[in-house]
Amino acid sequence: MKNFEYTITDPLGIHARPAGLLAKTAKAYSDTTVTIAKDGNTVKASQLMKLMGLGVKQGDHVTVAAEGPAEEEAITAMKKFFEENL
């Protein structure tokens with residue numbers, strides 16, 4: 001399992017547009033489970049409504065994890081996505 005922590009810098013947090021793009025990015029690694037955790041709640045990054053249900057706001061700390069055959073590629077893609085979009 002690979003993971004990293006990230007502090008959200010987007011003023012709106014994880015709202016509809018980036019959440020949709022994040023879910024799409026996570027779905028590209030169908031054989032690997034990508035999760036996002038905040039305050040003890042963990043959801044699959046590919047599940048848009050659950051992802052938005054975390055209520056991630058600017059300044060929140062999240063942990064992104066990937067587990068599976070493509071975890072290295074998935075975590076690299078997630079880290080890049082977060083740095084560029086959130």
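Computed from the coordinates by the stated procedures, all read-outs in this text should not be read as laboratory data. From a predicted model like this one, the values you see are computed outputs, not experimental measurements. Counting neighbours? That spans all protein chains shown, and the Cβs are built from the backbone with ideal geometry, glycine included.
Quick look at the values:
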quantity	calculated
Tilt relative to the chain, helix 71-85 - C-alpha long axis, 0 to 90 degrees, to 10	20 degrees
Local electrostatic count at Thr9 - Lys and Arg +1, Asp and Glu -1, tallied over other residues with Cβ under 12 Å	-3
For Thr76, net neighbour charge (Lys/Arg +1, Asp/Glu -1) across residues whose Cβ lies under 13 Å away	-2
Helix 16-27 axis, angle to the chain major axis (alpha carbon atoms, nearest 10°)	10 degrees
Value of relative contact order over the chain, rounded to a whole percent, pairs C-alpha under 8 Å and six or more apart	45 percent
Of (1) 35, 11, 10; (2) 18, 12, 12; (3) 32, 15, 11, the label for semi-axes √(5λ) of the Cα gyration tensor in Å derived from the coordinates	(2)
Under 12 Å from Lys38, Cα to Cα: aspartates and glutamates that are on another chain or at least 8 residues apart	Glu5, Asp60
